[in-house]
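Heads up, the thing below is written out as structure tokens.
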Protein chains: 2
Amino acid sequence: MISQHYKDMCATPSVIRSLAVYATERGKEIGYENVFDYSLGNPSVPVPQAFNDAIKRLLDTKTSSQAHGYSPNPGNPEVRRIVADSLKRRFGIDYRTEHIFMTSAAASAIAHAVRCVTVPGDEVLTFAPYFPEYNPYINATGAVLKVVPADTTSFQINFTAFEEMLNPKVQAVLINTPNNPSGIAYSSETLSKLAQILYAKQEEYGHEIFLISDEPYREIVFAGADAPFVSKFYDNTLCCYSWSKSLSIPGERIGYVAVNPKAKDAEMIVPMCVQISRGTGHNCPSSIIQQAVAECIDMTSDLSVYETNMNILYKELTDLGFTVVKPGGTFYIFPKALEEDAVAFCEKAKKYDLILVPSDSFGVKGYFRMAYCIDTEKVERSLAALREFVNKEYK
Amino acid sequence: MISQHYKDMCATPSVIRSLAVYATERGKEIGYENVFDYSLGNPSVPVPQAFNDAIKRLLDTKTSSQAHGYSPNPGNPEVRRIVADSLKRRFGIDYRTEHIFMTSAAASAIAHAVRCVTVPGDEVLTFAPYFPEYNPYINATGAVLKVVPADTTSFQINFTAFEEMLNPKVQAVLINTPNNPSGIAYSSETLSKLAQILYAKQEEYGHEIFLISDEPYREIVFAGADAPFVSKFYDNTLCCYSWSKSLSIPGERIGYVAVNPKAKDAEMIVPMCVQISRGTGHNCPSSIIQQAVAECIDMTSDLSVYETNMNILYKELTDLGFTVVKPGGTFYIFPKALEEDAVAFCEKAKKYDLILVPSDSFGVKGYFRMAYCIDTEKVERSLAALREFVNKEYK
């Protein structure tokens, strides 16, 4: 019999996706180049040629079963070793092969990490503003996602609210830095304070609280930002990575869980992920893609365009009088809307062919997100529309 | 806090995998070419060159975002159309794009299909002998897998036992034809009778019973076998396919769910799969691999070696006095052991460097599985060992 639960879920379309569909439709009327579509976080810079070359070289030099055969369940061991070595070299943590579990990007990494450290009914805390897909990700595990209200002055952590919400049912805390949608990176000070609170609460509650760190934007950090590696601050950290944004390959679905070697039962987490994957139907990312990312391990796409775009938008938005915290990374910016109702604000923006995402689904009211992973030329052309929108509607 | 459930699962290693590890270790002592390793179902024939060429051509001709960008959640729409058209052309069922959901091979297809048509507590029936991974696959959904005892005379369906086990809690029936481990394909007669019973029980219980058809071996069918397309027999069928065996690309994790257009709520199943994928962390197979299989849609590896191997083994086994039903497909054969305890039988076989898998974990006692996806030359060399084993131990 058809599951009513999943049938009902179909009835609630994603706000972001609906806006993207609107932008595409509008593009058919006026030309997509004239729609200032800031809706989707889809990388605009190309994959490095070295990545495509690596795939071709692997196809030419490997046997069929080396290229396309089953990986062992935790992933290709040589790929896992290369990932561990790179993390160790870059961040000074003693990762080894057995700490790395290859996943279908960050979504899959989070799906595994949460199941490792919670049981149904446990609480997982995250911080607004947050990626709305965390709701289905966590709900499907049986754990309950609770959202700590935002510190809207800085979009760092609202520690007062956090401490009020902590209780013995909290088994995991899920963070995302640099952050979608705010663009803010958690500072060393923020992460130190977070770790200090978690260590104290572990002691008080008599059980571990795991920090699940969702890091798809780790490599997109702007000049001057303090964006340290999360796992350095707290032993019980599971780092969830994706190459989607750093190599501009979101469709290849490739990432990993890196278990802090000092975490409780660190040696058990990857074997547990293997067991979890049997039930989620995951069973490893593509073999050839695993090997190709390993060949490009310390490489990224040319990500500089995102910083260029951020600076253009940040200047224009502040010039226009918006309240906005300057992003430290990602390709998002999260200004305060010019009226209380962000949905109404974004609806009005459509008249100027500006596609902005209201903040409500990110767990904050009165803000909006712009995903500036688009050509700089288009960002520049959008400024006139932005000015016209603000001047006509709000001055 | 670490999940005890998944931690405990780590303590029960797979029998097949343990045997494969033994074979590898033994290979280090005497040379792997001298170990007659019939343990793993890992395709031995190479990928078609056309598949690798397709990947290279896609990398050369597509833009970065066409090659590696996000697919829409149900999969690349052009790929889904090509899959639907191929199924329609080959099997005469009116599949359209909206009936195809791209998955990370059959494991992921089953994970989605079962969640679509059951809720926790429902029963799913399957038939012995069966692929033991069905246990974790189904258990993780919350549904309960129950195994119908085998008809060991033919390894078709034991309908008497099936009808006794049917009850209103059964919401899905999971079949695998051609079958791992028996190698048997369900005949038209078997599938007609199965459909007839399911139609009657749907009527009686007042709810649908879905047939989930796991078909990774669909393209490996031997001369003379009656191995019809399952979905033709029963409207409420979800076909779960994988290219792992047909194109020898098990590591690429690519397959689909094809929803019978006549199924109840057929138009809802793919959108529901999308919702399910948000919680399992699946979110589409690799973009480039999706496009490459579409370019090779009606192609397979040269699968003839499997039939050659089957015929050699079937003749030798029957000459040696084994009771064995001749396989209609796959690369498995499932003879009766020469003593009641198949585990003891397979343990003795190790002395002759024959790696055979006892049937116990497939839900039948007293049989063993040989996976003959190995070189024919090695199959031929193994016959002397097989003869020596039988003559020394059992004559």
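The values are calculated or read from the model by the stated rules, or taken from the named source; none is laboratory data. None of these values were measured; they are calculated from a predicted model. Here the Cβ positions follow ideal geometry from the backbone for every residue, glycine too, while neighbour counts run over all protein chains shown.
Here are the numbers for this structure:
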quantity	calculated
Close pairs from region A:88-102: first in the same structural domain as A:Val259 (by TED's automatic domain parsing), partner among the polar types (S, T, N, Q) and part of a helix (DSSP H, G or I), Cβ under 8 Å, at least 6 apart	A:Phe91/A:Ser231; A:Ile93/A:Ser231; A:Met102/A:Gln290
Options A:Ile197, A:Ile157: the member that is out of contact with any Lys or Arg (no Cβ under 6 Å at 6 or more places or on another chain), modelled with pLDDT of 95 or more and not in a helix (DSSP H, G or I)	A:Ile157
Helices (runs of 4 or more DSSP H) enclosed by region B:74-142 - at least 3 residues per element that are within 13 Å of chain A (Cβ to nearest Cβ) and more than 25 Å from B:Ser287 (Cα to Cα)	B:134-139
Among the residues listed as B:Glu377, B:Glu347, the single one being without any contact (Cβ under 8 Å) to a residue 40 or more places away in the chain, under 23 Å from A:Gly69 (Cβ atoms) and either more than 18 Å from the chain's Cα centre (by Cα) or part of a loop (DSSP other than H, G, I, E, B) (or both)	B:Glu377
Filter result (away from chain B (no Cβ under 14 Å), of a type in the set (A, V, I, L, M, F, W, C) and closer than 22 Å to A:Ala200 by Cα) within region A:143-164	A:Val147, A:Val148, A:Ile157, A:Phe159, A:Ala161, A:Phe162
Positions within region B:197-236 being over 21 Å from B:Phe155 (Cβ atoms) and of a type in the set (S, T, N, Q), in sequence order	B:Gln202, B:Ser231, B:Asn236
Those helices (runs of 4 or more DSSP H) lying entirely in region B:234-328 with at least 3 residues within 30 Å of A:Gly255 (Cβ to Cβ)	B:266-280, B:287-295
Residues satisfying the stated conditions in region A:40-56, i.e. of a type outside the set (Lys, Arg) and modelled with pLDDT of 95 or more	A:Val45, A:Pro46, A:Val47, A:Pro48, A:Gln49, A:Ala50, A:Phe51, A:Asn52, A:Asp53, A:Ala54, A:Ile55
Candidate set from region A:215-250 (those that are acidic (Asp, Glu) and surrounded by fewer than 21 Cβ atoms within 10 Å (Cβ to Cβ)); member that is farthest from A:Asn179 (Cα to Cα)	A:Asp235
Which numbered condition B:Met9 misses (of (1) out of contact with any helix residue (DSSP H, G or I) (no Cβ under 6 Å at 6 or more places or on another chain); (2) in the same structural domain as B:Cys346 (by TED's automatic domain parsing); (3) of a type outside the set (Phe, Trp, Tyr); (4) at pLDDT below 95)	(1)
Sole exception among (1) over 19 Å from the mean Cα position of the chain (by Cα); (2) assigned by TED's automatic domain parsing to the domain that holds B:Val390; (3) basic (Lys, Arg) for B:Arg278, by number	(2)
Some residue of region A:315-322 being β-branched (Val, Ile, Thr), closer than 20 Å to A:Ile184 by Cβ and crowded, with 19+ Cβ neighbours inside 10 Å	no
Among residues of region B:251-282, those that are closer than 21 Å to B:Arg218 by Cα and either at the interface with chain A (Cβ under 8 Å from one of its Cβ atoms) or crowded, with 24+ Cβ neighbours inside 10 Å (or both), counted	10
Any hit, region A:61-83, residues being buried (at least 20 other Cβ atoms within 10 Å of the Cβ), under 24 Å from the mean Cα position of the chain (by Cα) and within 16 Å of A:Cys373 (Cβ to Cβ)	no
Positions within region A:265-277 being in contact with a helix residue (DSSP H, G or I) (Cβ under 6 Å, 6 or more places away or on another chain), within 15 Å of B:Asn135 (Cβ to Cβ) and in contact (Cβ under 8 Å) with a residue 24 or more places away in the chain, in sequence order	A:Ile276
Selection within region B:356-395 - of a type in the set (A, V, I, L, M) and more than 29 Å from B:Leu145 (Cα to Cα)	B:Ile374, B:Val379, B:Leu383, B:Ala384, B:Ala385, B:Leu386, B:Val390
Test: residue in region A:191-211 that is more than 14 Å from chain B (Cβ to nearest Cβ), surrounded by fewer than 21 Cβ atoms within 10 Å (Cβ to Cβ), in contact (Cβ under 8 Å) with a residue 12 or more places away in the chain and under 30 Å from A:Ser39 (Cα atoms)	no
Of all residues making up region B:144-177, the number that are buried (at least 23 other Cβ atoms within 10 Å of the Cβ) and not β-branched (Val, Ile, Thr)	6
Sole residue being of a type in the set (Gly, Ala, Ser), within 14 Å of chain B (Cβ to nearest Cβ) and on the phi < 0 side of the Ramachandran plot, chosen from A:Ser244, A:Ser248	A:Ser244
Some residue of region B:24-37 being in the same structural domain as B:Phe334 (by TED's automatic domain parsing), touching a strand residue (DSSP E or B) at 6+ places or on another chain (Cβ under 6 Å) and not in a helix (DSSP H, G or I)	yes
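Residue-wise test of (1) under 27 Å from B:Asp302 (Cβ atoms); (2) within 11 Å of chain A (Cβ to nearest Cβ); (3) touching a Ser or Thr at 6+ places or on another chain (Cβ under 9 Å); (4) hydrophobic (A, V, I, L, M, F, W, C).
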residue	(1), (2), (3), (4)
B:Tyr6	no, yes, no, no
B:Thr24	yes, no, no, no
B:Glu29	no, no, no, no
B:Glu33	yes, no, no, no
B:Pro43	yes, yes, yes, no
